[in-house]
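The values are calculated or read from the model by the stated rules, or taken from the named source; none is laboratory data. The shown structure was predicted, so the numbers you read here are calculated from the model rather than taken from an experiment. Using ideal geometry, Cβ is built from the backbone for each residue, glycine included, and neighbour counts are taken over all protein chains shown.
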Amino acid sequence: MAEYAIGDVQGCFGELCLLLEKIAFDPQLDRLYFVGDIVNRGPKSLETLRFIKNLGESAVTVLGNHDLHLLAVAHGASKTKRRDTFGDILGAPDRDELLYWLRTRPLLHSGDKFYLIHAGLPPQWDMDTAVRCAREVEAVLCKEDADGFFRHMYGDSPDRWSAKLEGWPRIRFITNCFTRMRYCDRKGVLDMKEKGGPGSQAAHLLPWFNVPGRRSEGARLVFGHWSTLGYHVESDCHCLDTGCLWGRELTALRLDGDPWRFSVACIAGAHQVPGVCNIAASS
């Protein structure tokens, strides 16, 4: 059995198929871990979502900000943006089944020797706190009526963790950490404006994994979200967003045994790539 984590797919289904062929993925034996943002901006969000869902127990995915944006639009809490490409999902005959499956994905997955998240963790959280916070939000998302979550999801405040946070501000902060954060200051104040790679940010900001005294230090963390960071390994934190959507690569990292990296280049003219994958879903 082999285990692979895969960076932000964002509807780049053709590249995903090529990557799975490159690693000789066998859904009967192997398992995939997706770092979130499986949909939006790329050309084939519907095919990607259906395919990953149909892999069943052979695939695990955590929620990213683009996945949550799709759900917010579907729940009437947000409008589509100019560059959104998930209209095919919203109009699909299996829309409700797909969206329910997506809504019930976790924000954090605990593997045997790693943790899978989409974006980051504030420095005040140890891993026990991170798991508890993720489960808080997941419990709200899994409710039959999750409309309240999506109505209150958007916003950059509060910007610093306190165990005293309550209600929607607490839920929003937790969601922002898991799905949006890149930088914060040494006190853990989040900055949601900076999106460039390290070195481009304001002087008082640090990548979340570089904050001195980060309480999650020592845990192996696998994440995506940060295409301008690209493939990056530091302090046992592994960023796998290599910007396939932006014309670069889609990356997989083998998690069991030696951490081998596999990548495929973005396909030119990806909108013309057939929506067919030669990997059969597990039964």
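Here is how the numbers come out for the structure above:
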item: Within segment 178-239, strands (runs of 3 or more DSSP E) holding 1 or more residues that are free of Cβ contacts under 8 Å to residues at least 12 places away in the same chain and within 22 Å of N65 (Cα to Cα); result: 232-234
item: Test: residue in segment 154-163 that is surrounded by 15 or more Cβ atoms within 10 Å (Cβ to Cβ), touching a strand residue (DSSP E or B) at 6+ places or on another chain (Cβ under 6 Å) and not in a helix (DSSP H, G or I); result: yes
item: Single condition H109 does not satisfy, out of (1) more than 25 Å from C177 (Cβ to Cβ); (2) at pLDDT 95 or above; (3) touching a Leu at 6+ places or on another chain (Cβ under 6 Å); (4) of a type outside the set (S, T, N, Q); result: (1)
item: Checking W226 against (1) touching an Asp or Glu at 6+ places or on another chain (Cβ under 9 Å); (2) farther than 19 Å from V62 by Cβ, the condition it does not meet; result: (2)
item: Check on L121, buried (at least 19 other Cβ atoms within 10 Å of the Cβ), in a helix (DSSP H, G or I) and of a type in the set (A, V, I, L, M, F, W, C); result: no
item: Scan of segment 189-214 for residues that are surrounded by fewer than 19 Cβ atoms within 10 Å (Cβ to Cβ) and touching a Pro at 6+ places or on another chain (Cβ under 7 Å), ordered by number; result: P198, G213
